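Here the structure is laid out as structure tokens; the discussion comes afterwards.
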């Protein structure tokens, strides 16, 4: 079985080495590189083309968000999982906008981190529960203040079904199987949803689904 090839980017050596040891101890994971700064992360990502990058936000020089944006622009297939101490909404939104597929806090349990790595590797989106709840709280504040999201009413019933399934973390293949439609049709529905809601990537679709209350969040 092919292992998940991972690049670990964190400017704190002790933390980085601890994460490397944890990941390398998993039978389905292999750390192919380490980086302690944004520029180094970009260079190693382009050289190694890992499956997943575990990315800190606060690093010397180019920060993790800018590094994510640069890497995703050049190799979109690389999945970036943000691992940070910052639970502020602005960091979360910037990370998703930059193209990150997951966001985990450094206070998370080990199993949460391993689950997150495997999720983003499969093309799914992973948001740490506390972070997901912040998204929901942000949505509720917008509703109370009268601020509207992009028009949900403009979606067809089938598009709403696809949006909900994507929001639950399902891949397009799983969406197609669940709805008994072809993969091409599922892709078309996803593209139409993104165009209507002015969203740019899968992570933003998941964020929108959570804000609309289409995804149930575990306590």
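Of all residues in the stretch 30-53, which are touching a residue at least 40 places away in the same chain (Cβ under 8 Å) and under 20 Å from residue 105 (Cβ atoms)?
Selection gives 52, 53.
Within the stretch 188-207, identify whether any single residue is modelled with pLDDT of 90 or more and under 17 Å from residue 122 (Cβ atoms), and answer yes or no.
yes
Identify, from the list 55, 59, the residue that is over 17 Å from residue 102 (Cα atoms), assigned by TED's automatic domain parsing to the domain that holds residue 122 and in contact with a helix residue (DSSP H, G or I) (Cβ under 6 Å, 6 or more places away or on another chain).
59
Are any of the residues in the stretch 136-155 touching a helix residue (DSSP H, G or I) at 6+ places or on another chain (Cβ under 9 Å), modelled with pLDDT of 85 or more and not assigned by TED's automatic domain parsing to the domain that holds residue 29?
Scanning the stretch 136-155 turns up at least one residue that is touching a helix residue (DSSP H, G or I) at 6+ places or on another chain (Cβ under 9 Å), modelled with pLDDT of 85 or more and not assigned by TED's automatic domain parsing to the domain that holds residue 29.
Please return the ranges of strands (runs of 3 or more DSSP E) entirely within the stretch 1-120 where 2 or more residues are crowded, with 18+ Cβ neighbours inside 10 Å and modelled with pLDDT of 95 or more.
4-9, 29-35, 52-55, 79-84
Among the listed residues 202, 212, 190, which satisfies the condition of being surrounded by 17 or more Cβ atoms within 10 Å (Cβ to Cβ) and farther than 23 Å from residue 77 by Cβ?
Working: 202 fails: farther than 23 Å from residue 77 by Cβ; 190 fails: farther than 23 Å from residue 77 by Cβ.
Sole residue among the options that is surrounded by 17 or more Cβ atoms within 10 Å (Cβ to Cβ) and farther than 23 Å from residue 77 by Cβ: 212.
The values are calculated or read from the model by the stated rules, or taken from the named source; none is laboratory data. All of these numbers come straight from a predicted model, not from anything done at the bench. Every residue, glycine as well, gets a Cβ built from its backbone with ideal geometry; the counts of neighbours run over all protein chains shown.
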